[in-house]
1. For region 111-126, state whether one or more residues are more than 14 Å from the chain's Cα centre (by Cα), assigned to a helix (DSSP H, G or I) and not charged (D, E, K, R).
2. Out of (1) within 30 Å of GLU158 (Cβ to Cβ); (2) modelled with pLDDT of 90 or more; (3) over 28 Å from the mean Cα position of the chain (by Cα), what's the single condition that is false for LEU93?
3. Name the single residue that is farthest from the chain's Cα centre (by Cα) among those in region 50-64 being free of Cβ contacts under 8 Å to residues at least 12 places away in the same chain and surrounded by 12 or more Cβ atoms within 10 Å (Cβ to Cβ).
4. Out of ARG94, ARG103, which single residue is surrounded by fewer than 17 Cβ atoms within 10 Å (Cβ to Cβ), part of a strand (DSSP E or B) and in contact (Cβ under 8 Å) with a residue 40 or more places away in the chain?
5. Within the bounds of region 109-125, is there any residue that is surrounded by 17 or more Cβ atoms within 10 Å (Cβ to Cβ), free of Cβ contacts under 8 Å to residues at least 24 places away in the same chain and of a type in the set (Lys, Arg)?
6. For VAL134, are the conditions met, namely being among the aliphatic types (A, V, I, L, M) and closer than 20 Å to LYS98 by Cβ?
7. Of all residues in region 74-85, which are surrounded by 14 or more Cβ atoms within 10 Å (Cβ to Cβ) and either small (Gly, Ala, Ser) or modelled with pLDDT under 90 (or both)?
8. Take the conditions among the hydroxyl-bearing types (Ser, Thr, Tyr) and in the same structural domain as ILE142 (by TED's automatic domain parsing) and apply them to THR97. Does it pass?
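The values are calculated or read from the model by the stated rules, or taken from the named source; none is laboratory data. Worth saying up front: this structure is predicted, and the values here are computed from it rather than measured. Here the Cβ positions follow ideal geometry from the backbone for every residue, glycine too, while neighbour counts run over all protein chains shown.
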Amino acid sequence: MFEYVVIPLLICLARISDVTLGTLRIIYVSKGLKILASLLGFFEILIWLFALGQIMQNLTNPVNYLAYAGGFAAGIFFGVVIEEKLSVGIMQLRIITKKDAARLLRFLKNEGYGITSVNAQGAFGPVDVIYTIVQRKEIPHIIKVIQEYNPNAVYSVEEVKHVSKSPFPNKEGGRKIPFGFFRKGK
């Protein structure tokens, strides 16, 4: 029982934990969050050593190999799900609209978003291009607003690794910068 259930279960749970941490670590490295990524890496390797040690002590049990591989796959899945829920990062949103963007611009300004609007020429005539830098967790709300004001607008979202200064309003604008998630340079 212990050899065929408990040890494989421990190996699987260890792999889920260390791969989840590893997935988050890679994402945080790409966002420039060095301290958080290093801390996650420390615990990732500590847990991985435990899992590997159990495999090496029980090489004759094929269930351990399945538990190891299953934990790896599940860890990737859970790491991505957790990162999506945390929504850490800064994004640039580019909105292109043929329709007059005055109402949308007013709304975004009133909500405290810093925006830049440019009159441009598209393939089929004049367009307005709106740029804004927002926290990643705000993207679904802004997309909903864009679709409400202009369902035919084209928009793109890109990750921003570095911003020279905070584009986010302080508490006077109603929104605060979350501590630790805004990078002030490299």
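1. Looking for residues that are more than 14 Å from the chain's Cα centre (by Cα), assigned to a helix (DSSP H, G or I) and not charged (D, E, K, R), one finds none in region 111-126, hence no.
2. With (1) within 30 Å of GLU158 (Cβ to Cβ); (2) modelled with pLDDT of 90 or more; (3) over 28 Å from the mean Cα position of the chain (by Cα) applied to LEU93, the lone miss is (3).
3. Filtering first and then ranking leaves GLY53.
4. Every option except ARG94 fails the conditions.
5. no
6. The answer is no for VAL134.
7. ALA74, GLY75, GLY79, GLU83
8. Criteria met by THR97.
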